[in-house]
Amino acid sequence: MELRRRELLAKAVALGVVKLAGNLNPTAAAEAWFQAGKGTRAATPQAELGPFYKRNAPSTAALRGASDPGMPLAVGGTVYNTRGDILSGAKIEVWQTDHLGHYDLEGYRYRAALLADAQGNYGFSSVMPGHYPARVCQHIHFAVTAPGYKPLVTQMYFATDPVFAGDPDKNYTKDPLITSRELVRPVMLKGDPQVMVASTDFELVLETL
Amino acid sequence: MSCGGREVLLAGAVACLCASAARGQTLKKELELSAPVRIVSAVTCDGGSEIVGSGADGAVYVWKTPSPEPRRIEIAEGNASGVLACGGGKTLAVALKKGNGKAVVLDTESGAVRQRIDAQSGVSALAVSPDGGFLAIATSIYPTQVWDLKTGQKRWTGVTNLGATWTTSISANSQMVLSADEDTNLRMYDSMGKQLYATEAGLLEPFASAFSDDGKTFAVAGADGAIRLFDTSTGKIVKTSSKAGSPIFGVCVSPDGKKVAALVVDDFKLEPVAQTLWDTQSGETKKLEVDPKSVVGAGTNRSHLALILQESGNKLSVVSVE
């Protein structure tokens, strides 16, 4: 798509449909146009850090053990800046309750520190968090850091949460700590009925300092 | 003596006071105060000469002890939340319930509003300097803010690596501000905002902090249920209590600096489950025989630690822990 746009610009310049000012060469102009047209992104809304963050979480993408009870969950996404550039190497700390709503304060169950790969992607396997009594909705905490960017502290929610009664657009404000509808993510069920996995994506967009 | 911690939504249960000699600790009822409404939270001011409480009706109540009858102060700007703190010069700071960061600073003598503060984020803790000169605010989004109470202007804002601040405390000489931050670090500033040092509170969140009267030590506790006593000059841990088994949301250091009272909260329901006393000399921690859900505040009454309890029949009790 982007290449076509560049080719189109080069062709338009050649045909005289687009004229370049004297200080622009066709390659630089095409690149500038390409960059300007690239999708800028709104920063992911911030949310409260919550009371049970813990430093030094392990570097593992497997938060769920093979015999862990609860609905298996796969979460993934890409880390960007607000210009739409991918941020490889961003550090993503995640923590959540188990399927019954308990945080592990003694150890590191359902806690991890991940790094976005060369394409800015991250992913982890877990279980669908339970309802924590002091909060309305099921949620996963995220703290994302990258050099030169404002730390992002946010939370991800699930559109399937019974609290939303099937209509998160209307009901997401039932949890006063949900700062934006955007944080409520659709859930796709994958696999077969014997090995069902709930899958969701959560794009993370950081602002420059 | 000082106390501090993050606001806990108390269950509002009203229970009897079991004043007794319990496992070597004496709980002695010093005062019984009349409370026209349920008191959400309370603090002692000026060594117990005043008790200030935030009422369920959104007003502030001030008891000039030993008189049991309070003076009611209605805040024109809005209802008081449960977050309040007092300091020198009859200064009382109160966060407003629906203010999203708004707080007022009152004269407890006249009830007049001295300053209106907008911290622009939900207030989780307040501390007024003992000289009455400034106010430290912990909010849910920004690092600790310090406001000058003479000018009403913000003096400075602290820093964190991640998140905001759980709670903040000011030393008795009004020279140092402790910020217990969400990145699990403790940062010590001077009153003008120069960071003196940063030190780790542990691996989990620090919810509560308090200086000793002489300022030589400060206590911090939080999600891991242990109380740590730090040397103020170095930021190093001097002593650590055994773990309470649940998070601690409030601590209070005795006037002699030897004991630390702590409010233990269930980590699942976030309800108070115990009021404990840690003897820093012997290392022993004891559970005090009070219903933790009845504890609406802590502070000092003359030379003793004091608990403020909501009793049945809209009465408050001030109980010294000897």
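The values are calculated or read from the model by the stated rules, or taken from the named source; none is laboratory data. Values in this document were obtained by computation on a predicted structure and should not be read as measured data. All Cβ positions, even for glycine, are placed from backbone atoms using ideal geometry, and neighbour counts span all protein chains on display.
Laid out as a table, the results:
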{"read-out": "Test: A:G76 is under 17 Å from A:M156 (Cβ atoms), surrounded by 15 or more Cβ atoms within 10 Å (Cβ to Cβ), within 12 Å of the chain's Cα centre (by Cα) and of a type in the set (G, A, S)", "value": "yes"}
{"read-out": "Filter pass, B:S140 being within 14 Å of chain A (Cβ to nearest Cβ) and either basic (K, R) or farther than 19 Å from B:A298 by Cβ (or both)", "value": "yes"}
{"read-out": "Those residues of the range A:86-101 which are in contact with a His (Cβ under 7 Å, 6 or more places away or on another chain), within 14 Å of another protein chain (Cβ to nearest Cβ) and within 30 Å of A:G148 (Cβ to Cβ), in sequence order", "value": "A:V94, A:W95"}
{"read-out": "Any chance B:P206 is under 29 Å from B:S54 (Cβ atoms) and within 14 Å of chain A (Cβ to nearest Cβ)", "value": "yes"}
{"read-out": "Selection within the range A:147-156 - closer than 15 Å to A:G89 by Cα, of a type outside the set (F, W, Y), more than 11 Å from chain B (Cβ to nearest Cβ) and touching a strand residue (DSSP E or B) at 6+ places or on another chain (Cβ under 8 Å)", "value": "A:G148"}
{"read-out": "Check on B:A201, under 16 Å from B:T276 (Cα atoms) and within 14 Å of chain A (Cβ to nearest Cβ)", "value": "no"}
{"read-out": "Answer residue from the range B:265-281, given it is within 14 Å of another protein chain (Cβ to nearest Cβ), without any contact (Cβ under 8 Å) to a residue 60 or more places away in the chain and not aromatic (F, W, Y) and is surrounded by the fewest Cβ atoms within 10 Å (Cβ to Cβ) among those", "value": "B:K269"}
{"read-out": "Every residue from the range B:131-154 that is of a type in the set (A, V, I, L, M) and either within 10 Å of B:I117 (Cβ to Cβ) or not in a loop (DSSP other than H, G, I, E, B) (or both)", "value": "B:L135, B:A136, B:I137, B:A138, B:V146, B:L149"}
{"read-out": "Residues located in the range B:64-100, provided they are under 14 Å from B:L33 (Cβ atoms) and free of Cβ contacts under 8 Å to residues at least 40 places away in the same chain", "value": "B:K64, B:P66, B:S67, B:P68, B:E69, B:P70, B:R72"}
{"read-out": "Of all residues in the range A:102-134 being under 14 Å from A:L63 (Cα atoms) and hydroxyl-bearing (S, T, Y), the one that is farthest from the other protein chains (Cβ to nearest Cβ)", "value": "A:S125"}
{"read-out": "Cross-chain or 6+ apart pairs with Cβ under 8 Å, the range B:212-240 first and within 14 Å of another protein chain (Cβ to nearest Cβ) and at pLDDT 95 or above, then surrounded by fewer than 18 Cβ atoms within 10 Å (Cβ to Cβ) and not in a loop (DSSP other than H, G, I, E, B)", "value": "B:A226/B:T240"}
{"read-out": "Hits in the range A:137-146 (condition: more than 12 Å from chain B (Cβ to nearest Cβ) and either closer than 18 Å to A:A42 by Cα or surrounded by fewer than 19 Cβ atoms within 10 Å (Cβ to Cβ) (or both))", "value": "A:A146"}
{"read-out": "Residue match in the range B:162-174 (condition: at positive phi and surrounded by 18 or more Cβ atoms within 10 Å (Cβ to Cβ))", "value": "yes"}
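Every residue, every condition in (1) within 27 Å of B:Y142 (Cα to Cα); (2) of a type in the set (A, V, I, L, M); (3) modelled with pLDDT of 95 or more, yes or no:
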residue	(1), (2), (3)
A:G123	no, no, yes
A:P133	yes, no, no
A:H139	yes, no, yes
A:G148	yes, no, yes
A:F164	no, no, yes
A:P176	yes, no, no
A:D192	no, no, no
A:D201	no, no, yes
